Amino acid sequence: MTRGRSNPLSELAKLGFENLSETVSKLDRLVELVGDWGHSALTPLASAASPDKALDFLLRMAEIQPKAVSKTLADPSLAERFCRITGASDAIAEHLLRHPQSFKLPKKPALSKTYKVASSSRTDLRVGYREALIGIVDWDLSQKDPTAAFREVSVALTDLTDTTLQSAIKAAIAELLAEGRIKPEEVEPLPLAVIAMGKTGARELNYVSDVDVIYVATSADSVDAATKIATRMQQVIDAVEVEPGLWQVDPNLRPEGKSGALVRTLEAHAAYYQKWAEPWEFQALLKARFAAGNADLGRAYIAAIKPMIWEYQDRSAIVDSARHLRKRVLENIPAQERASNLKLGRGGLRDVEFTAQLLQLVHGVGDESLHVMDTLTALEALSDAGLLARTDKAKLAAHYRFLRSLEHRIQLQKLRRSHLIPSGEEEFRRVARGLGL
């Protein structure tokens, strides 16, 4: 490539390339595949967290769709956006190569107000989810300050997850009806509500999180059908298929955990929390929110169960339970991960989250302004209530935003659940460039 050879290897290094001995020949090959527009690739590639990864993607895509790549490189803004996305995420690059029809972006990066995810098949649902995810990543990587943008990204990821859960319920019902495992009259009205917990409930999801849920059935007679739908819904989302799964749906925050029934009626849930629930379970309920399924049932669950958080008499037991849980988590972190675990290590995300939740649980009995779910809103409410100094609130919020943004860039690479700072120099540099550092 003429332009490539006019730049010494040191110039390529300044642009962020690492495999310098291979870069020039790859750029030349790109020109062979897509024509003169290949000469303009260096500028958008330099904007990527990993120019080498983005270049590898352009080459592989050019083998499949040379005209589409040429058209993309002809638009400087579009080329930069695709290089940023594929330079930050191997998983998205692989998706685009599996599904070249997904190689498209809107005129400008934007977060959607509503998402649509197909329910016609497991493959269509998973492909549709990832196409919507690409739009979120595009907007995220277009922002100058990732720490300021992470909250909107988390809300968008949660909205997309809610939509996917709803579509997965429809797909599950269709499969079960076709197999004769349930009858049409058993799904009218829909016998299942999905209650989001954890980060899903608080609308503060990562790019890859376990989606914590609790299942509720409309009546004792509908528990069997609701259980079949819930079980199949999880398989629609994450069972092993040709098209990779999305994320794990985790129902283990339900009453009695793994040993308890997967689905219970609202009345059974209420009885459990009134008589047998552990203190930590009331802390978990802080983030409970209706997410998918039967909306009337979901709203009834929230109205009946969440007030129990503030009715629980032994407040000190909740605090002691949370402290014990935090201590146990710290003790169980492998020694080699203690300094690199963003979530569980000392001063990590969990410490910020638990600090906010404990203050909410202690003081929220008499102050409804503290009955909020996400961490940043909780810190703000605590500060407004005079329970957290403004300077402390600002430090905790800034710390939390940075760690969450760092976590997002780490997870984007493989779209895998990870909270560890990369130990490899190449991965570490990629994350840092992705944050603009």
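Taking each residue of the stretch 409-425 that is farther than 15 Å from residue 53 by Cβ and of a type in the set (S, T, N, Q) and looking for partners that are at pLDDT 95 or above and crowded, with 17+ Cβ neighbours inside 10 Å with beta-carbon atoms closer than 6 Å, six or more apart or interchain, yields 411/206; 411/207; 411/208; 418/410; 418/411. Remark: pairs (first residue in the stretch 199-228, more than 17 Å from residue 403 (Cα to Cα); second residue assigned to a strand (DSSP E or B) and basic (Lys, Arg); Cβ separation under 6 Å; 6+ apart in sequence or on different chains) = 201/289.
Inside the stretch 271-298, can you point out the residues that are of a type in the set (D, E, K, R) and either farther than 20 Å from residue 370 by Cα or touching a Lys or Arg at 6+ places or on another chain (Cβ under 6 Å) (or both)? Hits for the stretch 271-298 are 275, 278, 296. Say whether the condition of being assigned to a loop (DSSP other than H, G, I, E, B) and over 30 Å from residue 247 (Cβ atoms) is met by at least one residue in the stretch 30-46. Looking through the stretch 30-46, at least one residue is assigned to a loop (DSSP other than H, G, I, E, B) and over 30 Å from residue 247 (Cβ atoms). For the stretch 388-433, a residue qualifies if it is more than 24 Å from residue 142 (Cβ to Cβ), outside any helix (DSSP H, G or I) and open to solvent by less than 40 Å² (accessible area, probe 1.4 Å), and the qualifying residues are 388, 419, 424. For the stretch 285-329, the set of residues classified as in contact with a helix residue (DSSP H, G or I) (Cβ under 6 Å, 6 or more places away or on another chain) and among the hydroxyl-bearing types (Ser, Thr, Tyr) consists of 301, 312, 321, listed by residue number. Filtered by the rule that a residue be among the aliphatic types (A, V, I, L, M) and closer than 21 Å to residue 175 by Cα, the stretch 231-285 gives 233, 236, 237, 239, 240, 242, 246, 249, 262, 263.
Annotation note: of 344, 325, 253, 246, the sole residue that is within 30 Å of residue 127 (Cα to Cα) and either open to solvent by 30 Å² or more (accessible area, probe 1.4 Å) or part of a helix (DSSP H, G or I) (or both) is 253. Inspect all residues belonging to the stretch 180-203 and state whether any of them is surrounded by fewer than 22 Cβ atoms within 10 Å (Cβ to Cβ), in contact with a strand residue (DSSP E or B) (Cβ under 7 Å, 6 or more places away or on another chain), assigned to a loop (DSSP other than H, G, I, E, B) and not β-branched (Val, Ile, Thr). Yes, the stretch 180-203 contains at least one residue that is surrounded by fewer than 22 Cβ atoms within 10 Å (Cβ to Cβ), in contact with a strand residue (DSSP E or B) (Cβ under 7 Å, 6 or more places away or on another chain), assigned to a loop (DSSP other than H, G, I, E, B) and not β-branched (Val, Ile, Thr).
One residue is enough: does the stretch 229-252 have a residue meeting the conditions out of contact with any Asp or Glu (no Cβ under 7 Å at 6 or more places or on another chain) and free of Cβ contacts under 8 Å to residues at least 12 places away in the same chain? The answer is yes, given that some residue of the stretch 229-252 is out of contact with any Asp or Glu (no Cβ under 7 Å at 6 or more places or on another chain) and free of Cβ contacts under 8 Å to residues at least 12 places away in the same chain. If I filter the stretch 377-387 for residues that are open to solvent by 10 Å² or more (accessible area, probe 1.4 Å), modelled with pLDDT of 95 or more, under 18 Å from residue 50 (Cα atoms) and assigned to a helix (DSSP H, G or I), do I get at least one hit? No, because not a single residue in the stretch 377-387 is open to solvent by 10 Å² or more (accessible area, probe 1.4 Å), modelled with pLDDT of 95 or more, under 18 Å from residue 50 (Cα atoms) and assigned to a helix (DSSP H, G or I). Just one of the numbered conditions (1) more than 12 Å from the chain's Cα centre (by Cα); (2) open to solvent by less than 10 Å² (accessible area, probe 1.4 Å) is not true of residue 211: (1).
Among the residues examined, residue 81 does not qualify as open to solvent by 10 Å² or more (accessible area, probe 1.4 Å) and under 24 Å from residue 414 (Cα atoms).
Against the condition within 27 Å of the chain's Cα centre (by Cα) and either buried (at least 17 other Cβ atoms within 10 Å of the Cβ) or within 17 Å of residue 141 (Cβ to Cβ) (or both), how does residue 56 come out, does it pass? So residue 56 passes the test.
Exactly one residue among 238, 221 is surrounded by fewer than 21 Cβ atoms within 10 Å (Cβ to Cβ) and under 23 Å from residue 416 (Cα atoms), and that residue is 238.
Of all residues in the stretch 355-370, those satisfying the criterion of being of a type in the set (A, V, I, L, M, F, W, C) and open to solvent by less than 20 Å² (accessible area, probe 1.4 Å) are 356, 361, 370. Restricted to helices (runs of 4 or more DSSP H) entirely inside the stretch 277-319, those with at least 3 residues that are of a type outside the set (Asp, Glu) and under 27 Å from the mean Cα position of the chain (by Cα) are 279-285, 295-305. For the stretch 152-179, give me each residue that is in contact (Cβ under 8 Å) with a residue 60 or more places away in the chain and either surrounded by fewer than 20 Cβ atoms within 10 Å (Cβ to Cβ) or acidic (Asp, Glu) (or both). Of everything in the stretch 152-179, those that are in contact (Cβ under 8 Å) with a residue 60 or more places away in the chain and either surrounded by fewer than 20 Cβ atoms within 10 Å (Cβ to Cβ) or acidic (Asp, Glu) (or both) turn out to be 162, 166, 175.
The values are calculated or read from the model by the stated rules, or taken from the named source; none is laboratory data. Please read all numbers here as calculations on a predicted model, not as lab measurements. Note: ideal-geometry Cβ built from the backbone for every residue, glycine included; neighbour counts use all protein chains shown. Ligands, DNA and RNA are stripped out before the accessible areas are found, and what is left, the full protein with its side chains, is counted by its heavy atoms. Shrake-Rupley method; radii C 1.70, N 1.55, O 1.52, S 1.80 Å.
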